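The values are calculated or read from the model by the stated rules, or taken from the named source; none is laboratory data. No experiment lies behind these values; they were computed from the predicted model shown. Positions of Cβ are generated from backbone atoms using ideal geometry, with glycine treated the same way; all protein chains shown enter the neighbour counts.
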Amino acid sequence: MSRPRMSPKPGTESALPTFETGVLVEIWSDIVCPWCYIGKRRFETALARFEHAAAVQVRWKSFELDPRAPVSRPGTMAEHLARKYGMSVEGAAARLASMNDLAANEGLHYDLAKTKGGNTFSAHRLIHLGYEKDPAMGAALKEALLHAYFEELLPVGEQEVLLHVGAQEGLDPNEVAETLASDRFADEVRKDEAEAHELGCTGVPFFVIDRKFAVPGAQDPETFLITLRRAWERSHPEVATATGEGAGMRSGDSCPI
């Protein structure tokens, strides 16, 4: 199977050369998943250390943790978890605070107790619209939506927020509004989710490299780096050069440089 052309890695907007061969990383994640943003940062740390980073294509895939969630959920995340698990709001907030600390280690500024959950189906459709325009825009929208939810505490299920994020990242506001008012890219979101199931994904984030290696969860950067190198070695095997008697240049073998 031929590999797709490579595009810039997430978080970089500068143009990079295209490649016919490289490493394809597909990442299934949800916008309201706190581990997904942490995993994104850890993966990007590994990618920055990877010797062949310019030949890596990253594609963000859709996944909904709660497809039945309302567009916007009333109350705060602490209140929601307290109701869901039968604990006090203070107890739920304490659990969320520990996750805030983990995020801070990756340079992220969480305040999970105040996040406003909701349905992410349309947010995933917005990312697909971005990818239709340009791979870098799709990746930028993923980052912008995560930032909006976790660090700006915005309800990313609401159309007003999606219109704002889309326009901020360069999409035509009219096209965003038309897309959100329709079922455009609904099939693409469902296809992503069906693929995740077929690949054995039971939680997110879920990283698949060249459809040969899977890394479940927000692993440490070293784990991602080792897997990237293994994938590269598999797709770019070293070519052994013959040495010894009879291995020199002979007429008709090749053109001398």
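For the range 32-51, indicate whether the set of residues that are of a type in the set (A, V, I, L, M) and touching a Pro at 6+ places or on another chain (Cβ under 7 Å) is non-empty. Among the residues of the range 32-51, at least one is of a type in the set (A, V, I, L, M) and touching a Pro at 6+ places or on another chain (Cβ under 7 Å), which makes the answer yes.
Residues ALA140, ALA103, ALA123: which one is over 22 Å from ASP66 (Cβ atoms) and either touching an Asp or Glu at 6+ places or on another chain (Cβ under 6 Å) or at pLDDT 95 or above (or both)?
On the way: ALA103 fails: over 22 Å from ASP66 (Cβ atoms); ALA123 fails: over 22 Å from ASP66 (Cβ atoms).
Result of the check over ALA140, ALA103, ALA123: ALA140.
Among the residues making up the range 58-69, those that are surrounded by fewer than 21 Cβ atoms within 10 Å (Cβ to Cβ) and under 16 Å from the mean Cα position of the chain (by Cα) are ARG59, LEU65. For the range 135-159, the tally of residues that are touching a Ser or Thr at 6+ places or on another chain (Cβ under 9 Å) and either aromatic (Phe, Trp, Tyr) or without any contact (Cβ under 8 Å) to a residue 12 or more places away in the chain (or both) stands at 2. The condition of being surrounded by 15 or more Cβ atoms within 10 Å (Cβ to Cβ) and outside any loop (DSSP other than H, G, I, E, B) does not hold for SER98.
With farther than 30 Å from ARG184 by Cα and either in a helix (DSSP H, G or I) or not hydrophobic (A, V, I, L, M, F, W, C) (or both) as the only criterion, which of GLY118, GLY91 stands out? Even if it seems obvious, please write down each step before you answer.
Details: GLY118 fails: farther than 30 Å from ARG184 by Cα.
Just a single option satisfies the conditions, and that option is GLY91.
Evaluating ALA144 against the criteria (1) farther than 24 Å from MET99 by Cβ; (2) part of a helix (DSSP H, G or I) leaves one unmet condition, (1). Looking at the range 191-203, is at least one residue under 27 Å from ARG42 (Cβ atoms) and touching a Leu at 6+ places or on another chain (Cβ under 9 Å)? Scanning the range 191-203 turns up at least one residue that is under 27 Å from ARG42 (Cβ atoms) and touching a Leu at 6+ places or on another chain (Cβ under 9 Å). Looking across the range 204-235, the residues that are out of contact with any helix residue (DSSP H, G or I) (no Cβ under 8 Å at 6 or more places or on another chain) and surrounded by fewer than 14 Cβ atoms within 10 Å (Cβ to Cβ) come down to ARG211, GLU233, ARG234.
Pick from LEU146, LEU141, LEU163: which is in contact with a Cys (Cβ under 9 Å, 6 or more places away or on another chain) and either surrounded by 15 or more Cβ atoms within 10 Å (Cβ to Cβ) or farther than 22 Å from ARG59 by Cβ (or both)? Let's see the steps before the verdict.
Numbers: LEU141 fails: in contact with a Cys (Cβ under 9 Å, 6 or more places away or on another chain); LEU163 fails: in contact with a Cys (Cβ under 9 Å, 6 or more places away or on another chain).
When all the criteria are applied, what remains is LEU146.
The number of residues in the range 192-203 being surrounded by 14 or more Cβ atoms within 10 Å (Cβ to Cβ) and in a helix (DSSP H, G or I) comes to 4. The number of residues in the range 165-186 being in a helix (DSSP H, G or I) and hydrophobic (A, V, I, L, M, F, W, C) comes to 6.
Which residue is farthest from GLY130 (Cα to Cα), if the candidates are limited to the range 69-104 and must be in contact (Cβ under 8 Å) with a residue 24 or more places away in the chain and not aliphatic (A, V, I, L, M)? Before you say what the answer is, go through the steps one by one.
If we filter the range 69-104 for residues that are in contact (Cβ under 8 Å) with a residue 24 or more places away in the chain, which is where we start, we get 69-73, 76-78, 80, 99, 102-103.
Now narrow it down to the ones that are not aliphatic (A, V, I, L, M): 70, 72-73, 76, 80.
Details: PRO70: 24, SER72: 23, ARG73: 26, THR76: 29, HIS80: 31 Å.
Step by step, filter the range 69-104, then rank; the result is HIS80.
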